[in-house]
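**Q** Below are the structure tokens for one structure; questions will follow.
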Amino acid sequence: MTEMTTRAWLLSDAPQTRRQARLGALYQGWLTFRANRLAMVGLAILVLLVLVAAFAPWIAPQNPFAQDLAQRLQPPSASHWLGTDALGRDILSRLIHGSRVTLFIVGTVALIAPVIGLFVGTVAGFAGGWVDQVLMRITDIFLAFPKLILALAFVAALGPGIGNAVLALAVTSWPPYARLARAETLTIRRADYIAAARLQGAGPLRLLIGHVWPLCVSSLIVRAALDMAGIILSAAGLGFLGLGAQPPMPEWGAMISDGRSYILDFWWVAAMPGLAIFVVSLAFNLLGDGLRDVLDPKEGPR
């Protein structure tokens, strides 16, 4: 097919097959997303972040762990583009390798928290009664505490480390997803096609997996994309307090903590990782806004 023929096939108002309908919906969603320039900027930044993390050993100009006290606290220059820290380590190299830590934290939490929230929320909304009451009261208990404070409590109990930090963030991040999934389920469970599937013999598990979950996923994806900035900040907060990634791992929050003693005279030590956190958090927010235009049926393109 030529490009024009393919475009017309994808945008057809009367698709002939289920495959054509799905591909057409994906293409229309891409056109809506592409029309949002800020969302495209966010996507470009995140694609660049993924590439930098994937090729960090080859991109980093120096060893991020190598110390050179003769070069400590050097300002940005041709030999050290973003300067050096108190131990003479190249800040740019540490930022590049730190992107791997950031993506690991974000990716792991994004895989765990929405799945837990989807399961709890859909079961509560679909079952109703005492099941709904018990699960939502547990959710309310988690929501009653600030997320970062609760994460600090979990990490303090489990011990410092990036694995425990990720687990703490995942455990404290699922309640909003559960609330959202429950609200979606309450609007779906009395739909005519659910009643028709039940009359055909579909059990509760099949109804949840085959009919309820697919309709809740889009809202959870939007929420997850918008929550990534908060997760990055929470992870950086744990690292700043020494409860996240442990030295000498180049985690951005820990790098800010290392530079706070020198922030007045050697501003670049703390400013560069802070700028990295700001840019990546902004990119996730821009991407989330674009995904909301595409995936949220209650929000039109703005």
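The values are calculated or read from the model by the stated rules, or taken from the named source; none is laboratory data. Keep in mind it's a predicted model, so treat the numbers as computed, not measured. Glycine gets a Cβ as well: all are built from the backbone with ideal geometry, and neighbour counts include every protein chain shown.
**Q** Of everything in segment 78-100, what is touching a strand residue (DSSP E or B) at 6+ places or on another chain (Cβ under 8 Å) and within 26 Å of Val47 (Cα to Cα)? Give them in sequence order.
**A** His80, Leu82, Asp90, Ile91
**Q** Check segment 208-222 and report whether any residue there is buried (at least 18 other Cβ atoms within 10 Å of the Cβ), under 27 Å from Ser281 (Cα atoms) and free of Cβ contacts under 8 Å to residues at least 40 places away in the same chain.
**A** So far as segment 208-222 goes, no, none of its residues is buried (at least 18 other Cβ atoms within 10 Å of the Cβ), under 27 Å from Ser281 (Cα atoms) and free of Cβ contacts under 8 Å to residues at least 40 places away in the same chain.
**Q** Right, here's the next one. Could you say whether any residue in segment 227-236 is buried (at least 16 other Cβ atoms within 10 Å of the Cβ), under 25 Å from Ala66 (Cα atoms) and in contact (Cβ under 8 Å) with a residue 40 or more places away in the chain?
**A** Yes: one or more hits.
**Q** May I ask you to say which residue of Gly107, Gly98 is surrounded by fewer than 16 Cβ atoms within 10 Å (Cβ to Cβ) and either in contact (Cβ under 8 Å) with a residue 60 or more places away in the chain or not aliphatic (A, V, I, L, M) (or both)?
**A** Criteria check complete, one pass: Gly107.
**Q** Something else: Would you tally the residues in segment 49-76 being surrounded by 15 or more Cβ atoms within 10 Å (Cβ to Cβ) and among the aliphatic types (A, V, I, L, M)?
**A** 7
**Q** What single numbered condition from (1) closer than 30 Å to Leu220 by Cβ; (2) part of a helix (DSSP H, G or I); (3) within 25 Å of the chain's Cα centre (by Cα) fails to hold for Ser93?
**A** (1)
**Q** Does any residue of segment 225-234 turn out to be touching a Gly at 6+ places or on another chain (Cβ under 6 Å) and either within 19 Å of Ala110 (Cβ to Cβ) or not in a helix (DSSP H, G or I) (or both)?
**A** The initial filter retains those residues of segment 225-234 that are touching a Gly at 6+ places or on another chain (Cβ under 6 Å), namely 225-226.
Now narrow it down to the ones that are either within 19 Å of Ala110 (Cβ to Cβ) or not in a helix (DSSP H, G or I) (or both): 225-226.
Scanning segment 225-234 turns up at least one residue that is touching a Gly at 6+ places or on another chain (Cβ under 6 Å) and either within 19 Å of Ala110 (Cβ to Cβ) or not in a helix (DSSP H, G or I) (or both).
**Q** While we're here: Across segment 110-131, what is the number of residues that are under 19 Å from the mean Cα position of the chain (by Cα) and at pLDDT 90 or above?
**A** So in segment 110-131, the residues under 19 Å from the mean Cα position of the chain (by Cα) come out as 110-119.
When the remaining residues are screened for being at pLDDT 90 or above, the result is 112-119.
Selection size over segment 110-131: 8.
**Q** Ile188 - would you say it is surrounded by fewer than 21 Cβ atoms within 10 Å (Cβ to Cβ) and in contact with a Leu (Cβ under 6 Å, 6 or more places away or on another chain)? Break it down stepwise before answering.
**A** Details: surrounded by fewer than 21 Cβ atoms within 10 Å (Cβ to Cβ): yes; in contact with a Leu (Cβ under 6 Å, 6 or more places away or on another chain): yes.
Criteria met by Ile188.
**Q** Follow-up. Any idea which residue in segment 24-40 is farthest from Asp293 (Cα to Cα), counting only those that are of a type outside the set (Gly, Ala, Ser) and in contact with a Leu (Cβ under 6 Å, 6 or more places away or on another chain)?
**A** Applying the filter and picking the extreme gives Tyr27.
**Q** Residue check: is Val134 more than 21 Å from the chain's Cα centre (by Cα), surrounded by 16 or more Cβ atoms within 10 Å (Cβ to Cβ) and modelled with pLDDT of 90 or more?
**A** Taking the combined requirement at face value, the residue does not satisfy it.
**Q** Could you check segment 1-83 for helices (runs of 4 or more DSSP H) lying wholly inside it with 3 or more residues that are in contact (Cβ under 8 Å) with a residue 40 or more places away in the chain and of a type in the set (A, V, I, L, M)?
**A** By residue number, 37-54.
**Q** I'm checking my understanding of the structure. Among residues of segment 237-265 that are in contact (Cβ under 8 Å) with a residue 12 or more places away in the chain and of a type in the set (A, V, I, L, M), which one is surrounded by the most Cβ atoms within 10 Å (Cβ to Cβ)?
**A** Residue satisfying both the conditions and the ranking: Leu238.
**Q** Residues that are under 16 Å from Trp213 (Cβ atoms), at least 3 per element: which helices (runs of 4 or more DSSP H) completely within segment 110-194 meet that?
**A** Hits in segment 110-194: 162-188.
**Q** Quick one: would you say Arg206 is among the charged types (D, E, K, R) and either farther than 22 Å from Val222 by Cα or not in a helix (DSSP H, G or I) (or both)?
**A** yes
**Q** Can I ask one more? Select, from Leu158, Leu167, Leu148, the only residue that is surrounded by 13 or more Cβ atoms within 10 Å (Cβ to Cβ), of a type in the set (A, V, I, L, M, F, W, C), under 25 Å from Arg260 (Cβ atoms) and out of contact with any Lys or Arg (no Cβ under 9 Å at 6 or more places or on another chain). Full working, then the answer.
**A** On the way: Leu158 fails: under 25 Å from Arg260 (Cβ atoms); Leu167 fails: under 25 Å from Arg260 (Cβ atoms).
Testing whether each residue is surrounded by 13 or more Cβ atoms within 10 Å (Cβ to Cβ), of a type in the set (A, V, I, L, M, F, W, C), under 25 Å from Arg260 (Cβ atoms) and out of contact with any Lys or Arg (no Cβ under 9 Å at 6 or more places or on another chain) leaves just Leu148.
**Q** Any residue at all in segment 266-276 that's crowded, with 22+ Cβ neighbours inside 10 Å and under 20 Å from the mean Cα position of the chain (by Cα)?
**A** Looking for residues that are crowded, with 22+ Cβ neighbours inside 10 Å and under 20 Å from the mean Cα position of the chain (by Cα), one finds at least one in segment 266-276, hence yes.
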